[in-house]
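Undergrad: First the structure, then my questions, so here it is.
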Amino acid sequence: MAKGISRYVLYIAQPAMLIAPYIRPFDSGILKNVGFTVLFSFICHALFSASVILIIRKRKSTGETSPDDETKTKNLSTVRIAAIFGNCGYMGIPLIEKFLGQGAAIYATVFNIGFQLFLWTVGCYLATGDIKYYMSPKKILLNPATISIFIGLVIFFAPIDQYVPSFLTTAIDFLKNTVVPLSMFVVGYHMAENRISGLLKGGRMWLSIAVRHILAPMLAFGVLYLFKLTGIFYNYEVAVTVLLCSAAPCATITSIFAEKFDLDRETAGRMVPVSTILSMATMPLAALLLKLF
């Protein structure tokens, strides 16, 4: 059941959520903000990726092959993916829309451009080790999220928002509103598969969660602060979006990737719910960093 719901969210509900903010009148005033949000997304995900690869490393080999080597490799790939990629889509977009309005939700959506491009390249490379295949333009561009964002951008920039039928916008709104509850259902389903004591085991898992909840928002804050300090750019709504999306818990795509690439399903199933619960405390704390601007 959880696998089917995950596919529905990934291929139907998430595209609707990504398209929805773009069905609005064209506003040239936000173009600069949109451009810098995309730039911040690329910089942040590049920093997240580099930091995770440097910090969460393969344990030194004793020189002897072990039956557990493959299991350890799968575990390493899983915790690295979980640390790099936050739930900036399923959780970030609804949160930004709730607190800053649908106008700001477009920034959360374009932040997902960097997320998706890194996910389908770096993420797939970490999962498979195949750098040639997953760094191809085809894999970067032809995935559900990237296609959805492209469709949204066409609607916004054309602009053809007034030509989108009302029944279609109603359907898109309905579908996007199913993302959060169904994502939480999947998280709860994976949590129910583990005992409470089992949820908390794993030193490498906790290192990954620490990187996701502490280091990632600090890196994002550093980027935002540097741009403001140098006078290059600062906008409050963009800053809130980038910081909260960077502080989001481990993405539910971690579990989907674990299924898709035969990684460590057990660890993925533990990390996502534990990280999601912790985010109720860590995301508000990350937001307090904005007071330092």
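Undergrad: Go through the stretch 223-240 and give me each residue that's touching a residue at least 60 places away in the same chain (Cβ under 8 Å) and either of a type in the set (A, V, I, L, M, F, W, C) or closer than 24 Å to residue 208 by Cβ (or both).
TA: Passing the criteria: 223, 224, 227, 233, 238, 240.
Undergrad: Right, next: Based on what the data block shows, is residue 86 buried (at least 22 other Cβ atoms within 10 Å of the Cβ), more than 10 Å from the chain's Cα centre (by Cα), of a type outside the set (Ser, Thr, Tyr) and more than 22 Å from residue 29 (Cα to Cα)? Break it down stepwise before answering.
TA: Numbers: buried (at least 22 other Cβ atoms within 10 Å of the Cβ): yes; more than 10 Å from the chain's Cα centre (by Cα): no; of a type outside the set (Ser, Thr, Tyr): yes; more than 22 Å from residue 29 (Cα to Cα): yes.
It is false that residue 86 is buried (at least 22 other Cβ atoms within 10 Å of the Cβ), more than 10 Å from the chain's Cα centre (by Cα), of a type outside the set (Ser, Thr, Tyr) and more than 22 Å from residue 29 (Cα to Cα).
Undergrad: Under 9 Å between Cβ atoms, which residue pairs at least 6 apart in sequence (or on different chains) link something in the stretch 244-255 that is of a type outside the set (Ser, Thr, Tyr) with a partner that is part of a strand (DSSP E or B) and at pLDDT 90 or above?
TA: Qualifying pairs under 9 Å: 245/86; 247/86; 248/86; 249/86; 250/86; 251/86.
Undergrad: Further question on the same structure: Which pairs have Cβ atoms under 6 Å, sit 6 or more apart or on different chains, and link a residue in the stretch 70-90 that is touching a residue at least 60 places away in the same chain (Cβ under 8 Å) and in a helix (DSSP H, G or I) to one that is among the basic types (Lys, Arg) and surrounded by 24 or more Cβ atoms within 10 Å (Cβ to Cβ)?
TA: Qualifying pairs under 6 Å: 83/212.
Undergrad: Here is a further query. Go through 81, 113, 93 for me and flag whichever is over 21 Å from residue 186 (Cα atoms) and not acidic (Asp, Glu).
TA: None of the other options fit; the residue is 113.
Undergrad: Let me ask something additional. Write out, first by first residue and then by second, each pair whose Cβ atoms fall under 7 Å of each other, whose residues are 6+ apart or on separate chains, and whose first residue, in the stretch 170-186, is in contact (Cβ under 8 Å) with a residue 60 or more places away in the chain and under 22 Å from residue 277 (Cβ atoms) while the second is among the β-branched types (Val, Ile, Thr) and surrounded by 13 or more Cβ atoms within 10 Å (Cβ to Cβ).
TA: Pairs found: 179/9; 182/5; 182/9; 183/9; 183/252; 185/5; 186/5; 186/252.
The values are calculated or read from the model by the stated rules, or taken from the named source; none is laboratory data. It should be emphasised that the depicted structure is a prediction, and the values quoted were computed from it without experimental measurement. Because the Cβ atoms are built from the backbone with ideal geometry, glycine has one as well, and the counts that use them run over all protein chains shown.
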